[in-house]
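The values are calculated or read from the model by the stated rules, or taken from the named source; none is laboratory data. Note that this is a predicted model, so its numbers are computed, not measured. Cβ placement follows ideal geometry from the backbone for every residue including glycine, while neighbour counts extend to all protein chains displayed. Side chains included, ligands, DNA and RNA excluded: accessible areas come from the protein's heavy atoms. Shrake-Rupley method; radii C 1.70, N 1.55, O 1.52, S 1.80 Å.
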Amino acid sequence: MKVFKFGGASVKDAEGVKNVALVLESQGFEKCLLVVSAMGKTTNALEKVVENYFAKENYHAEIEKVKQNHLEISNGLFQENHPVFSEISLFFDDIESFLRRNKSPNYNFVYDQVVSCGEMISSKILSEYLNDIQFKNTWLDSRDYLKTDSNYREGNIDWEETQKNISALDHGISYVTQGFIGSESNNFTVTLGREGSDYSAAVFAYCMNAEAMTIWKDVPGVMTGDPRKFDNVSLLSNISYEEAIEMAYYGASVIHPKTLQPLQQKNIPFYVKSFLEPQKPGTKVGNTDKNRFEESYILKENQHLMRIATRDFSFIAEEHLSQIFAFLAKFKIKISLMQNSAISLALCLEDKYNNIDELNKELHVIFDTEMVKNVSLFTVRNANLEDLNKFYENKNILLEQISKKTIQVVTN
């Protein structure tokens, strides 16, 4: 089996869906499992539905906008009497019905039940279109296969149950399924974290012992920097699992941080290629003697810098760190960079769930805290340490850290 993952940008409109078919024609569609994200900006639009629902504002209009967008895309793919149109309407009816009946005040639970519909609809449209043009496939509901705990919005895979479910699939045919979503023991939907579709594909690849996994992006592969943010970047044709994991950890948006681990465990080759130029080789991640360790640049935006200090000038000791980490876990805030002195701790933080003010409030009961919001973390991998000055030009440095050949600076 081969596993292909197509992100939202690749299926954002009817032409994008048709282009997926061209990619498959160039690559071969036999014994292939396709994992697809929600179309375009659908996830953002469905997040707005959830926000309006909890704010007791008009969420029906937002649902209708998303519905009309998908119907418009489908008009460019199917004849007007195609059964896919009624199936699309049913998905949106389900969202309305769920929100009408819901009694749970748990934002994350409601989020997962609503936002996951984006992947359900996009995968159904893609599956139906491919079948219509004779790329025969079976549509799968990934929630029947990827089982998780009840940690809504950040589900943890139940590997034993998931392996058992996926092993039952027929490896001789092709499938289309969703990224980003699984389900817990009561069969409620659980999402795997923002951008979790790459991880879904890796889970399927691991459990199916796939011969390779490819994610299709709007860039040529893994670059030495995001071409939208950095000049004069180049393609990394071969990198190791370890280097890819490091780059993902530091914030390289082309790879989801969790994706590499299951692939590395079974030594499954992982490719990042362009859906605009599918014949080009892209980047291969795996064990090879061709790995390149070139200077690479990563910019992680929308971070927050927090300085935490003891009030009695005592050392920041293990019990203090334990308290601080417990609060971070409570509010699901992740550390991008950490640096400590005798009496203070500096943290560059990623706050996906907008809990930073609550964290600061609770920490301030015990510690003195200072915070600078909306900073950027700039990381250079495999840096030439003899040429440091170029990394500090035109930057207001709030924090810096150098280790081996990695330079990190927090700026605003």
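Could you tell me whether any residue of region 243-252 is part of a loop (DSSP other than H, G, I, E, B), within 22 Å of T288 (Cα to Cα), open to solvent by 10 Å² or more (accessible area, probe 1.4 Å) and among the hydroxyl-bearing types (S, T, Y)? No, that holds for no residue. The residue of region 341-366 that is nearest to the chain's Cα centre (by Cα), among those that are over 25 Å from E301 (Cβ atoms) and free of Cβ contacts under 8 Å to residues at least 40 places away in the same chain, is E362.
The test for being aliphatic (A, V, I, L, M) and touching an Asp or Glu at 6+ places or on another chain (Cβ under 7 Å) holds for I73.
Checked against the criterion of being within 22 Å of V272 (Cβ to Cβ) and assigned to a strand (DSSP E or B), region 7-30 has no qualifying residue.
Table: residues versus (1) modelled with pLDDT of 95 or more; (2) in contact with a helix residue (DSSP H, G or I) (Cβ under 7 Å, 6 or more places away or on another chain); (3) under 28 Å from S253 (Cβ atoms); (4) not hydrophobic (A, V, I, L, M, F, W, C).
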residue: C117; (1), (2), (3), (4): yes, yes, yes, no
residue: Q134; (1), (2), (3), (4): no, no, no, yes
residue: F180; (1), (2), (3), (4): yes, yes, yes, no
residue: G196; (1), (2), (3), (4): no, no, yes, yes
residue: M213; (1), (2), (3), (4): yes, yes, yes, no
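I268 passes every criterion in (1) part of a helix (DSSP H, G or I); (2) under 23 Å from S26 (Cβ atoms) apart from (1).
Is it fair to say S274 is of a type in the set (G, A, S), open to solvent by less than 30 Å² (accessible area, probe 1.4 Å) and touching a residue at least 12 places away in the same chain (Cβ under 8 Å)? Yes; evaluated as a whole, the condition is true for this residue. Considered as a group, the residues in region 14-37 that are open to solvent by 40 Å² or more (accessible area, probe 1.4 Å) and under 18 Å from M208 (Cβ atoms) include one that is modelled with the lowest pLDDT, and that residue is E30. Looking at the structure I just gave you, is A201 open to solvent by less than 10 Å² (accessible area, probe 1.4 Å), under 26 Å from I95 (Cβ atoms) and hydrophobic (A, V, I, L, M, F, W, C)? So A201 passes the test. The criterion of at least 3 residues that are β-branched (V, I, T) is met by the following strands (runs of 3 or more DSSP E) wholly inside region 368-412: 368-381, 406-411. A Cβ distance below 7 Å, combined with a sequence gap of six or more or placement on separate chains, defines the contacts here; from region 248-267, residues that are polar (S, T, N, Q) reach residues that are in a loop (DSSP other than H, G, I, E, B) and open to solvent by 50 Å² or more (accessible area, probe 1.4 Å) in the pairs N267/N287.
Anything in region 331-360 that is assigned to a loop (DSSP other than H, G, I, E, B), modelled with pLDDT of 90 or more and charged (D, E, K, R)? List them, or say none. Listed by number, the residues that qualify are K332, D351. For region 114-158: of the residues being out of contact with any strand residue (DSSP E or B) (no Cβ under 7 Å at 6 or more places or on another chain), in a helix (DSSP H, G or I) and open to solvent by 30 Å² or more (accessible area, probe 1.4 Å), which is farthest from V84 (Cα to Cα)? My answer is D144. Pairing residues of region 83-106 that are within 25 Å of F54 (Cβ to Cβ) and modelled with pLDDT of 95 or more with residues that are of a type in the set (F, W, Y) and in a helix (DSSP H, G or I), at Cβ distances under 7 Å and at least 6 apart in sequence or on separate chains, gives L99/Y53.
The set of residues in region 310-330 that are open to solvent by less than 50 Å² (accessible area, probe 1.4 Å), at pLDDT 95 or above and not β-branched (V, I, T) comprises F327, L328.
If you check N232 against the conditions, is it without any contact (Cβ under 8 Å) to a residue 24 or more places away in the chain, open to solvent by 10 Å² or more (accessible area, probe 1.4 Å) and farther than 30 Å from E161 by Cα? Yes; evaluated as a whole, the condition is true for this residue. With respect to the conditions (1) within 30 Å of P220 (Cα to Cα); (2) in a helix (DSSP H, G or I); (3) in contact with a helix residue (DSSP H, G or I) (Cβ under 9 Å, 6 or more places away or on another chain); (4) free of Cβ contacts under 8 Å to residues at least 60 places away in the same chain, L46 falls short on a single one, namely (4).
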